[in-house]
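Undergrad: Here's a structure for you.
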Amino acid sequence: QVQLVESGGGSVQTGGSLTLSCVASAAIDSYAAGWFRQFPGKEREFVASISRYTGGSTYYADSVKGRFTASTDDAKNTAFLKMDSLKSDDTAVYYCATNPLRCSWSRHDYQFWGQGTQVTVSS
């Protein structure tokens, strides 16, 4: 069983930046890495997805497009989510996940999940 461990969450003021990291316990033969977030009482929602192939194609939710950047370092089995211009609406628990087949916005398509890391944005 592959384990994903996220780090980099924390508290930041509005307009600030954070970079989340997601380290896999072993090399994963997955097509894509994804990032999701969950607000209290809500379902987990798509944030970003990045392909390990096709030149590292990335996809973002409209709410984060232009502010968040997904990347990977395959040599280190690590995915990153750089978050800039953070807003209070970005406060949530953030999760990374792997998708064996494609970049997808649906959480049901993802195979392995991290434990989540809290991001709190305050004014």
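The values are calculated or read from the model by the stated rules, or taken from the named source; none is laboratory data. Remember, it's a predicted structure, so these values are computed and weren't measured experimentally. Neighbour counts are summed over all protein chains in view; Cβ atoms, including those assigned to glycine, are modelled from backbone coordinates with ideal geometry. With ligands, DNA and RNA removed, areas are computed over all heavy atoms of the protein, side chains included. Shrake-Rupley method; radii C 1.70, N 1.55, O 1.52, S 1.80 Å.
Undergrad: Have a look at Gly16, Gly55, Gly41 and tell me which one the Gaussian network model of the chain (Cα, springs below 10 Å) gives the largest fluctuation.
TA: Fluctuation is largest for Gly41.
Undergrad: Hey, what did segment 3-82 get for relative contact order, percent, Cα under 8 Å, at least 6 apart?
TA: Numbers: 131 pairs, mean separation 22.4, N = 80.
About 28 percent, as a whole number.
Undergrad: Could you identify which residue out of Ala26, Ala48, Ala70 has the top mean-square fluctuation in a GNM of the chain using Cα springs shorter than 10 Å?
TA: Ala26
Undergrad: Tally up the carbon and sulfur contribution to the accessible surface of segment 15-123 as a whole percent, 1.4 Å probe, everything protein left in place. Could you put the intermediate results ahead of the total?
TA: Numbers: 2730 of 5420 Å².
Carbon and sulfur: 50 percent of the exposed surface of segment 15-123.
Undergrad: Next question, about the same structure. Restricting attention to the chain, give the cysteines that have no other cysteine Cβ less than 4.7 angstrom from their Cβ.
TA: When partners are defined as cysteine Cβ atoms under 4.7 Å apart, the chain leaves Cys103 without one.
Undergrad: Right, here's the next one. Leaving out ligands and nucleic acids, and using a 1.4 Å probe, what accessible area per residue does the chain come to in Å²? Could the numbers behind the result be given before it?
TA: Working: 6340 Å² over 123 residues.
On a per-residue basis, 52 Å².
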